Amino acid sequence: MPLLTPHRYWFVVPAAGVGARMNADKPKQYLLLANKTILEHTLSRILAFPGLAGIVVPLSKDDNRWTALTILQHPLVHTIHGGESRADSVLHGLNYLADKVHESDWILVHDAARPCITLERIQKLCDELAESETGGILAVPVSDTLKQVADNIYIQSTVDRKPLWQAQTPQMFRYGLLRDCLKKTIDKKQNITDESSAVELCGYRSQVVEGRSDNIKITRPDDLLMAEFILNQQEKRS
């Protein structure tokens, strides 16, 4: 496979999780949303991105559902075995790309359960980070009042929301930097909630690029209804 050009991008879409909070009989990426699985919607959006070099999809070793999805047979989609955690799965994806990319090439990590991502926002992320040596993420400013709570019920204080942003995906970083940061933080058993947290823990500064509030992550059953509404509205506007 040829090396990436400066204007082509690889995505890693970790899909090895089970989504326990959905209380479903299957991993949430395989739940139906408007007649397709969540994973199919997500991959379809990414496959329409003009600069795409390919998508690496880390899957659970015990996953026997993916073979039924024809989109995973697409020539730009590469399926591999994931790891025990999201960070492990992403690192597996980066290791898979070792002989296919340059150290400075861009990697975009996107949640399998964010099917409402728009091409416009992916392009905005790529454009605004084009000259960055590190990378950054899509995020939205926190709009709700935040409370710090003790014992799950008692309000302790109100948190100043002005400097707070809610992280989304894609999260976009240089290949070599992201690989090294993930490996280092995993080896140290540090708490990594997303790719940008690994980069932060290694002392690098990354940017936020304003995303959209409709780029929701499906986490709980009610989110399926919201995601279907958003997809329908996006289709009407397109």
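Below are the figures for this structure:
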{"quantity": "Residue in the range 191-211 that is surrounded by the fewest Cβ atoms within 10 Å (Cβ to Cβ), counting only those that are out of contact with any Phe, Trp or Tyr (no Cβ under 8 Å at 6 or more places or on another chain) and closer than 24 Å to Tyr30 by Cα", "calculated": "Thr193"}
{"quantity": "Residues satisfying the stated conditions in the range 97-113, i.e. among the acidic types (Asp, Glu) and either closer than 18 Å to Ile38 by Cβ or surrounded by fewer than 17 Cβ atoms within 10 Å (Cβ to Cβ) (or both)", "calculated": "Asp99, Glu103, Asp111"}
{"quantity": "Test set (1) farther than 23 Å from Asp99 by Cβ; (2) not in a loop (DSSP other than H, G, I, E, B) - Asp62 fails condition number", "calculated": "(2)"}
{"quantity": "Search result, residues across the range 160-190 that are modelled with pLDDT under 95 and either in contact with a strand residue (DSSP E or B) (Cβ under 8 Å, 6 or more places away or on another chain) or buried (at least 16 other Cβ atoms within 10 Å of the Cβ) (or both)", "calculated": "Arg161"}
{"quantity": "Failed item in (1) of a type in the set (A, V, I, L, M); (2) touching a residue at least 40 places away in the same chain (Cβ under 8 Å); (3) in a helix (DSSP H, G or I), with Ile117 passing the rest", "calculated": "(3)"}
{"quantity": "Yes/no for Ile137 being of a type in the set (Val, Ile, Thr), part of a loop (DSSP other than H, G, I, E, B), touching a helix residue (DSSP H, G or I) at 6+ places or on another chain (Cβ under 8 Å) and within 26 Å of Glu84 (Cβ to Cβ)", "calculated": "no"}
{"quantity": "Residues of the range 212-226 that turn out to be touching a helix residue (DSSP H, G or I) at 6+ places or on another chain (Cβ under 8 Å) and within 20 Å of Glu120 (Cα to Cα), as a count", "calculated": "5"}
{"quantity": "Residues being over 15 Å from His110 (Cα atoms), small (Gly, Ala, Ser) and without any contact (Cβ under 8 Å) to a residue 40 or more places away in the chain - total across the range 189-233", "calculated": "1"}
{"quantity": "Failed condition for Glu133, given (1) surrounded by 12 or more Cβ atoms within 10 Å (Cβ to Cβ); (2) in contact (Cβ under 8 Å) with a residue 40 or more places away in the chain; (3) not hydrophobic (A, V, I, L, M, F, W, C)", "calculated": "(1)"}
{"quantity": "Scan of the range 43-57 for residues that are within 16 Å of Val101 (Cβ to Cβ) and either among the hydroxyl-bearing types (Ser, Thr, Tyr) or surrounded by 19 or more Cβ atoms within 10 Å (Cβ to Cβ) (or both), ordered by number", "calculated": "Ala53, Gly54, Ile55, Val56"}
{"quantity": "Residue list for the range 213-238, restricted to those being closer than 19 Å to Ala167 by Cα and of a type in the set (S, T, N, Q)", "calculated": "Ser213, Asn215, Thr219"}
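The values are calculated or read from the model by the stated rules, or taken from the named source; none is laboratory data. What you see is a predicted model; the values in this text were computed from it and never measured. Note that each Cβ is placed from the backbone with ideal geometry, even for glycine, and that neighbours are counted across all protein chains shown.
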